[in-house]
């Protein structure tokens, strides 16, 4: 394999980290897709894969600071075509300053990459010089770059206005470390918290206190729990599924909420338009020994002969609220994307209303911090459809009652820092007339 260069590409963790950053910033694709499918990365030993992930993740979590340092050190900006050189600088500076790897090994490896890759070769001397300055001046460089830089202007520039002074700073604090895993437990969350030495949060969530491969954690093979952020577990709790109810999970993949609904005893129909993602739902249902009817179709147009007691719509969105788990999300969307997303969200919500029985309930949610994708969609629904707001009570909001506003749940970015953080989320419940 070669990378637009004249020397064979041999997989190594730092090279994989640079190519992962190119995947995000040049190809504008989700980072998870790179780690799931890149053959060079998958060919690495486990320890090297962990280093590649750590360098990539740290670079994305500290990108604002890293880029500010690069701008400080450069006499003039890098030309636009120096895309590979920029990713090498980003990854190397992130590893030097925040992972604190041995400087000699970091500089030698990344400068070697610049020499081997044709696209970066003209900048090899510059890259070497900048790395050596970073090594000498790291304390001063770090003192001049505040954490808040790591939340980009979009979407972060409006968060203080929307949610209160300091929101962007809190979000930046929650971003710098990868969060511990949250597990949604189907039965006896406290017993699982004790067994796994975790912390029970809310009604079904156990937050782990150590990191490691999920497949190695007790209970994985038995299907006693699923991995799901504390915030993402709330919509099903607010929907309050009852045994034997017919419930539609409208944009179901990867299936966390489908499994929550099925574990509550509901008859679940899981609908999604991506076959590959529905395979994941099927696999997760098999592991957890739960069942649901799976349908692959466009939810905006799909119809059913029978109407549902309840519909859960976790609508496709900009995902600006899940940056703790996916630090690339703020670089995969732009503010200009919201118009198309909003139109799609409204179509989905309107269709959800048509699929409800009279008196049925709809929970609409998005993992977005942007009101255009949450509160504004509900306002339009209430104007155009035979749906009324069914206010969420403090009891139904469980631990999150502090985030209730106007009968809806809005979790701002950077919330619950003292407990380890939570993704930003919006949840509203409506009822059909």
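The values are calculated or read from the model by the stated rules, or taken from the named source; none is laboratory data. These figures come from a predicted structure and were not determined experimentally. Positions of Cβ are generated from backbone atoms using ideal geometry, with glycine treated the same way; all protein chains shown enter the neighbour counts.
Quick look at the values:
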read-out	value
Residue match in the range 230-250 (condition: under 23 Å from residue 323 (Cβ atoms) and surrounded by fewer than 19 Cβ atoms within 10 Å (Cβ to Cβ))	no
Selection within the range 361-376 - within 18 Å of residue 251 (Cα to Cα), free of Cβ contacts under 8 Å to residues at least 60 places away in the same chain and in contact with a helix residue (DSSP H, G or I) (Cβ under 8 Å, 6 or more places away or on another chain)	373
Residues (closer than 19 Å to residue 82 by Cβ, free of Cβ contacts under 8 Å to residues at least 60 places away in the same chain and crowded, with 24+ Cβ neighbours inside 10 Å) located in the range 20-65	20, 59
Wholly enclosed strands (runs of 3 or more DSSP E) of the range 368-433 bearing at least 2 residues within 25 Å of residue 332 (Cα to Cα)	408-411, 425-432
Residues of the range 288-305 that turn out to be out of contact with any helix residue (DSSP H, G or I) (no Cβ under 7 Å at 6 or more places or on another chain), surrounded by fewer than 16 Cβ atoms within 10 Å (Cβ to Cβ) and either at pLDDT below 95 or in a loop (DSSP other than H, G, I, E, B) (or both), as a count	7
From the options 258, 244, 269, residue that is without any contact (Cβ under 8 Å) to a residue 60 or more places away in the chain, closer than 16 Å to residue 204 by Cβ and touching a strand residue (DSSP E or B) at 6+ places or on another chain (Cβ under 9 Å)	258
Boolean, residue 386 is over 23 Å from residue 241 (Cβ atoms), exposed (fewer than 15 other Cβ atoms within 10 Å of the Cβ) and assigned by TED's automatic domain parsing to the domain that holds residue 318	no
Complete set of residues in the range 87-103 that are at pLDDT 95 or above and either surrounded by fewer than 23 Cβ atoms within 10 Å (Cβ to Cβ) or not assigned by TED's automatic domain parsing to the domain that holds residue 26 (or both)	96, 97, 98, 99
Meets criteria (in contact with a helix residue (DSSP H, G or I) (Cβ under 9 Å, 6 or more places away or on another chain), closer than 25 Å to residue 172 by Cβ and in a helix (DSSP H, G or I)) for residue 18	yes
Residue 277, sole failed condition from (1) farther than 30 Å from residue 335 by Cα; (2) in the same structural domain as residue 412 (by TED's automatic domain parsing); (3) surrounded by fewer than 19 Cβ atoms within 10 Å (Cβ to Cβ)	(1)
